[in-house]
1. Which percent, nearest 5, of DSSP beta bridges in the chain are antiparallel?
2. Can you give the angle from 0 to 90° between the axis of helix 248-260 and the longest principal axis of the chain, with both taken from C-alpha atoms, to the nearest 10?
3. Mean residue ellipticity at 222 nm from the helices of the chain, using -39,500 (n - 2.57) per DSSP H segment of n ≥ 4 over the full residue count, to the nearest 500 deg cm²/dmol?
4. Give, as ranges by residue number, the residues of segment 302-325 whose backbone N falls under 12 Å from the point 7 Å along Cα→Cβ of residue 228.
5. If you stretched the chain out fully between residue 35 and residue 388, how much longer would it get, using 0.36 nm times the residue separation minus the C-alpha to C-alpha distance?
6. With a 10 Å cut-off between alpha carbons and a GNM built on the chain, which of 201, 326, 189 moves the most?
7. For the chain, with a Gaussian network of springs between Cα atoms less than 10 Å apart, report the residue from 313, 225, 165 with the top mean-square fluctuation.
8. Round to the nearest 0.05 the FRET efficiency obtained for residue 108 and residue 133 when R0 = 45 Å and r is the Cβ-Cβ distance.
């Protein structure tokens, strides 16, 4: 009898664990998001370079310089370039200095230090750091990045940027932090978002897997849960959510039309005090990615992630393993207590699953933990099958 009890106990826990693991894709089901920032930053405007598609790569940097100068009177803030600028302009090297001067007109514009798949000698970067507590060994490493060209680098802040699709090829998460020189460094996306939010990253903290953004007075602005690799999910739930977009030469034309008093091609006043991202949907500089709703541009994924953070970040932390096993062990012990009373067993199973779901909902709302729904169903299954497995093992057919 004792052996049958042990075997039934372990088998029921294993079945419950298998059910919970198989439902991991639904970890965020029925859970609330964390609190949004008290003052949400505005949505970014995408300045696209798609109208340069007919020219050979690399494109002259004059177009970027003219666009930055055209936008400057309207004071977009912050400004980020999601473009690889790791080599000098081979056609007109003087354009690098012109671009650097155009960047210097903005307050701390953000450049991306891009990683490529081919192994090539890369510069050693000195990247900003975020104070942290706890282990950071599971974060993505940022040690093989291409730095922007030196003259451009001096006019802006450089942040790491490396995107890794899931095992099925879909891009479902974007990084917010990396591990660099045994310290935590912000990603390009986080640098831009923190500026728009008014956060000071030197006063912010990565506490375990929660990123606490604070201003320069140490006032907490937002808490963002991260996964083990330092990423947050992309909100692909709205298939028609497209970023507000302008084209680079259209921006230059609109600025000139404003100057001479003609109705402009774009209303550039709409970018005033708003984040501006210079990027595009072209394979050379902004690879097309696979997403749960089809092929999209990386810039759109950035805007969707930004929007998700301003609404309140989704829970992504995984509950500790001891919590999972404790819930399943309690479920199996509860199943033994009900014995052959099927109605009692069903009621106890539903009550315990509801308790797990309720506790998970509170943990999601306060700490950003996901997985309440899979674990609740695993607990329900464990409670129901434990007495059946025990009765089956004690039957004469098994003996």
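1. Numbers: 21 of 45 bridges.
Bridges in the chain that DSSP calls antiparallel: roughly 45 percent.
2. Around 50 degrees separate the two axes.
3. -12000 deg cm²/dmol
4. 318-321
5. Full extension from residue 35 to residue 388 adds 122.8 nm.
6. Among 201, 326, 189, the largest mean-square fluctuation in the Gaussian network model of the chain belongs to 326.
7. 165
8. With a Förster radius of 45 Å, E is 0.95.
Each value in this text was obtained by applying a stated rule to the coordinates, not by laboratory testing. Since the structure is predicted, the reported quantities are computational estimates derived from the model, not experimental observations. Every residue, glycine among them, receives a Cβ derived from its backbone with ideal geometry; neighbour counts consider all protein chains shown.
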